[in-house]
């Protein structure tokens with residue numbers, strides 16, 4: 001019997017079979033069988049050089065050598081990112097700008113690079129009129145046009161500014177711009193029910209606001225995938241988790257094998273459906289067939305965000321982080337210790353490679369799920385003490401809650417709370433706790449509770465992304 005059923009019932013996650021059937025029966029939107037999957041294409045970004053370069057020794061302009069250096073860095077970034085295609089052009093007047101963005105296509109993001117004083121302001125109007133998301137990249141002393149992008153943004157245009165001499169920032173600009181077309185191609189698989197803020201629960205609103213498709217998976221289809229999982233592949237997955245663990249605490253061989261089989265089935269499901277994201281609203285009822293927690297870890301490490309408890313806000317946040325930074329995310333519950341000025345994040349699934357898909361995995365234990373009396377098999381991941389993190393959540397499809405912190409403790413073996421835990425020092429824990437989720441107009445505990453954590457300080461990128469996507473930013477704490 002579940003030791004923590006009271007908490008789970010309060011959070012609204014039913015575990016009874018009847019509850020799972022009801023969740024599927026009340027789903028009135030598309031199922032996977034209704035919408036055939038399509039492999040995603042490369043995301044197009046239009047690069048527009050504004051004006052002509054000027055002399056090297058005078059004037060407010062970029063010079064020919066700087067122009068060639070920027071072109072070379074763009075080619076390098078396009079190759080490194082791999083999933084974008086650049087349409088590069090040059091414009092000296094509004095007519096040429098209009099022709100270039102027509103070639104790029106409706107809604108294509110624009111990276112505008114100013115080459116001469118007031119060149120951009122003379123030719124940018126077609127981009128603004130067509131509401132293309134735009135980053136303006138402005139080298140020092142390349143003109144005075146840097147003053148205007150934030151004015152355009154305050155007028156309602158999706159524009160932001162990179163005023164820098166660091167050419168590596170061109171790649172970051174492309175990463176942020178690609179988020180928009182990548183979201184439009186995103187296919188999200190959901191095991192109903194969806195949870196979170198009302199707009200995030202609505203496939204129609206997600207499609208309207210972000211362009212992503214949300215389609216439901218029925219339990220029978222997935223149960224068939226579990227049964228059809230290749231035995232050798234399941235055995236290899238079981239061995240991989242077992243050999244990689246620092247220690248195995250509660251799970252027995254059957255627990256690990258069940259979880260490994262579900263992991264393989266989830267990976268196969270994502271491949272078959274050409275999906276980029278996954279949310280399971282019934283996961284607390286999966287003990288009999290195996291919890292999806294190991295599968296969630298594998299998917300996130302491979303670049304496919306997967307959210308527990310059907311939390312669509314957290315899933316969409318993970319997708320934003322993945323597309324913008326190529327980083328897996330840790331979704332978790334929050335709790336505070338103001339005596340240490342600390343905020344904890346804890347959950348029973350976590351990726352092993354928060355540094356990125358090519359990084360070595362973090363150490364981990366294999367544990368029983370903390371909320372079902374030690375049953376099942378989940379990873380307890382030991383993240384790096386001293387690491388700066390960003391904690392965030394996209395809510396209502398229009399507001400990003402965010403903050404930073406530094407990991408000051410990771411328990412050797414968790415006792416209370418969920419298995420994977422990080423304790424982070426924050427700016428003002430008391431203020432943060434007092435204002436936690438205060439902008440949310442809901443009393444749903446899970447929607448208030450969850451946040452998503454990623455390694456590194458991404459606050460500046462979040463602000464840029466919010467301007468490009470017409471979102472608000474609320475800094476917590």
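What fraction of the DSSP beta bridges in the stretch 43-182 is antiparallel, stated in percent and rounded to the nearest 5? Mind showing how you got there, number by number?
On the way: 1 of 23 bridges.
Percent antiparallel among DSSP bridges in the stretch 43-182 is about 5.
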Which of these values of mean projected area of the Cα convex hull in nm² was calculated from the structure shown: (1) 21.7; (2) 24.8; (3) 22.8?
-> (3)
Highest-first arrangement of 118-130, 76-88, where packing means the average Cβ count within 10 Å | 118-130, 76-88
How far is helix 94-104 tilted, in degrees, relative to the longest principal axis of the Cα atoms in the chain, given as a value from 0 to 90 rounded to the nearest 10?
-> 30
Longest principal axis of the chain (C-alpha) makes with the long axis of helix 253-272 (C-alpha) an angle, in degrees to the nearest 10, of 30
Shape of the stretch 243-377 from its Cα gyration tensor (a ≥ b ≥ c, root eigenvalues): rounded if a/c is under 1.5, otherwise prolate when a/b > b/c, or oblate?
-> rounded
Overall form of the stretch 305-422 per C-alpha gyration tensor (a/c, 1.5; a/b vs b/c) = rounded
For the stretch 222-284 and the stretch 152-201, distance of Cα centres in Å | 31
Take peptides 398-407, 347-356 and line them up by average Cβ neighbours within 10 Å, highest first, as a rough protection proxy.
-> 347-356, 398-407
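Once every DSSP H run of n ≥ 4 in the chain is given -39500 (n - 2.57) and the sum is divided by its residues, what mean residue ellipticity at 222 nm do you get, rounded to the nearest 500 deg cm²/dmol?
On the way: 18 runs with 177 residues, N = 477.
Mean residue ellipticity at 222 nm (helix-derived): -11000 deg cm²/dmol.
Taking 8 Å as the Cα distance limit and 6 or more residues as the minimum spacing, I'd like the relative contact order of the stretch 43-182 as a percentage.
30
By how many nm would the segment from residue 122 to residue 26 grow when fully extended, if each residue of separation counts as 0.36 nm and the alpha-carbon distance is taken off?
29.1 nm
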Using only Cα atoms, find the angle between the long axis of helix 64-81 and the longest principal axis of the chain, and express it within 0 to 90 degrees, rounded to the nearest 10.
-> 20
Taking Cα pairs closer than 8 Å and at least 6 residues apart, the relative contact order of the stretch 322-477 in percent is 29
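Relative contact order for the chain: what is it in percent, counting Cα pairs under 8 Å that are at least 6 residues apart? Display every interim value, and only then the final one.
Values: 1057 pairs, mean separation 69.9, N = 477.
For the chain, the relative contact order is 15 percent.
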Ranked output for segments 244-252, 338-346 by mean other Cβ atoms within 10 Å, highest leading, reads 338-346, 244-252
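FYI, it's all coordinate maths here, none of it is from the lab. Everything numeric in this text was worked out from a predicted model, so none of it was measured. Virtual Cβ from ideal backbone geometry, glycine too; neighbours counted across all protein chains shown.
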